Amino acid sequence: MADLKQLARRIFLDTLAAIDIPLTMQRHLAPQGSLLHCGDEVVDLRKFEKVRVVAIGKAAHAMLDGLKLCLPAGVGWEGIACAPAAPANPHAGMQYFAGGHPIPNEQSWKAAEAILEMLADCDEHALIIFLLSGGASALVELPLDRRLGLADVQHMHRALVGCGASIEDINTIRKHISAVKGGRLAAAAPRATKITFAVSDVPAGKEWALASGPTLPDPSTVTDVHKILVAHSLDDKFPEAFRQYDLRTTMPETPKPGEPAFRKAHFCLLLGLDALFHPAHGAAEAAGCMTCCDNATDDWPVERAAEYLLAQLEDLRLHNPTRRVAVIADGEVSSPVTGNGAGGRNSA
């Protein structure tokens, strides 16, 4: 068993080593002089009086390293970064915060305030580059209703991650109570040109799930929030300050598709699910394993996910009796908290 654990660890570490974020950014952004690519869009940096950067997530520092390699030396840029830890090599012009994860901390709050203040100063002559990766939903947070304090926000996040709701439902609530999620960072600088570069394993077509979609239109509604609160009995689990918030008359809708804030907004997924599965599959095969990749258990309860994946593993073993076998699964499972124990999203 110890040998198998070491093998799994080696496959995991080999997979991480194969995902080179700065190199990936150079390949996708394809910088040519002052031109920068964002998918099918080409942005000429010479057209802007200032370039501002917002980097949020566990990969924020690596993405900043990649951006530096892609921007011409003569382009001045500054901004704000928030990750779980301080950078090993900070970049000049960047203000750094060490946010909390999975529960926001004081630095999460201060980072959100600093980002909104910076975006308020960005007009049509500004280019804003957002660098988003996993964990950003907790790392940067500020409530719309400023009657809520940090302790209230922390209370809500703990209730959400432990209630057993899907990540989509959790994000629906997060987006509607937050000043920085659900398209509201884009709305904070409506006249500026905005580019979002993302690193995420969220399913295709659900890019708004990454970081609770701070720069994308939000498809969820206040009505959805109310249904989720009822389904998971969250009203009783939230702080008193939130229970005084009238969902039907007070809570505003998040920005929707077609609103002016998104007219000059572009999104590019740099590394997605396939970029994770391919090197993981290759590392397992190189270690001598017959390997299957399966994303079906994303967002499942841990008991159901374990049963399903072990069945997949057993089936693979039966069909390959002379070889080691491996099943590689992506995503998060949940362990709902029903008493005073520990658990929650991805913490089984």
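Side notes on the structure shown:
- Entry remark, region 294-328: residues being among the hydrophobic types (A, V, I, L, M, F, W, C) and open to solvent by 50 Å² or more (accessible area, probe 1.4 Å) number 4 in total.
- The residues in region 204-238 that are open to solvent by 50 Å² or more (accessible area, probe 1.4 Å) and in a loop (DSSP other than H, G, I, E, B) can be counted, and the count is 8.
- Residue check for His157: closer than 23 Å to Asp298 by Cβ, open to solvent by less than 10 Å² (accessible area, probe 1.4 Å) and not basic (Lys, Arg): yes
- With respect to the conditions (1) farther than 26 Å from Met25 by Cβ; (2) in contact with an Asp or Glu (Cβ under 9 Å, 6 or more places away or on another chain); (3) not acidic (Asp, Glu), Ile170 falls short on a single one, namely (2).
- Qualifying residue in region 179-202 (condition: of a type in the set (A, V, I, L, M, F, W, C) and within 30 Å of Gln6 (Cα to Cα)): yes
- Residue in region 60-70 that is of a type outside the set (D, E, K, R) and touching a Lys or Arg at 6+ places or on another chain (Cβ under 6 Å) present: no
- Hits in region 66-78 - residues which are at pLDDT below 95 and open to solvent by 30 Å² or more (accessible area, probe 1.4 Å): Lys68, Leu69, Pro72, Ala73, Gly74, Val75, Gly76, Trp77
- In region 174-215, the residues that are among the aliphatic types (A, V, I, L, M) and within 16 Å of Gly135 (Cα to Cα): Val180, Ala198, Val199, Val202, Ala209, Leu210, Ala211
- Lone qualifier among Ala30, Ala92 - being open to solvent by 60 Å² or more (accessible area, probe 1.4 Å), more than 22 Å from Leu210 (Cα to Cα), without any contact (Cβ under 8 Å) to a residue 40 or more places away in the chain and over 23 Å from the mean Cα position of the chain (by Cα): Ala92
- Taken over region 161-196, the criterion of being hydrophobic (A, V, I, L, M, F, W, C), in a helix (DSSP H, G or I) and farther than 16 Å from Ala241 by Cα is satisfied by Val161, Ile167, Ile170, Leu185, Ala186, Ala187.
- Hey, Val42 of a type in the set (Val, Ile, Thr) and modelled with pLDDT of 95 or more or not: no
- Where Ala81 falls short, out of the listed (1) touching a Phe, Trp or Tyr at 6+ places or on another chain (Cβ under 6 Å); (2) open to solvent by 20 Å² or more (accessible area, probe 1.4 Å): (2)
- Test: residue in region 124-142 that is surrounded by 19 or more Cβ atoms within 10 Å (Cβ to Cβ), touching an Asp or Glu at 6+ places or on another chain (Cβ under 7 Å), assigned to a loop (DSSP other than H, G, I, E, B) and at pLDDT 95 or above: yes
- Considered as a group, the residues in region 100-117 that are of a type in the set (S, T, N, Q) and in a helix (DSSP H, G or I) include one that is surrounded by the fewest Cβ atoms within 10 Å (Cβ to Cβ), and that residue is Gln107.
The values are calculated or read from the model by the stated rules, or taken from the named source; none is laboratory data. Values in this document were obtained by computation on a predicted structure and should not be read as measured data. Positions of Cβ are generated from backbone atoms using ideal geometry, with glycine treated the same way; all protein chains shown enter the neighbour counts. Heads up: the accessible areas ignore ligands, DNA and RNA and are worked out on the full protein's heavy atoms, side chains in. Shrake-Rupley method; radii C 1.70, N 1.55, O 1.52, S 1.80 Å.
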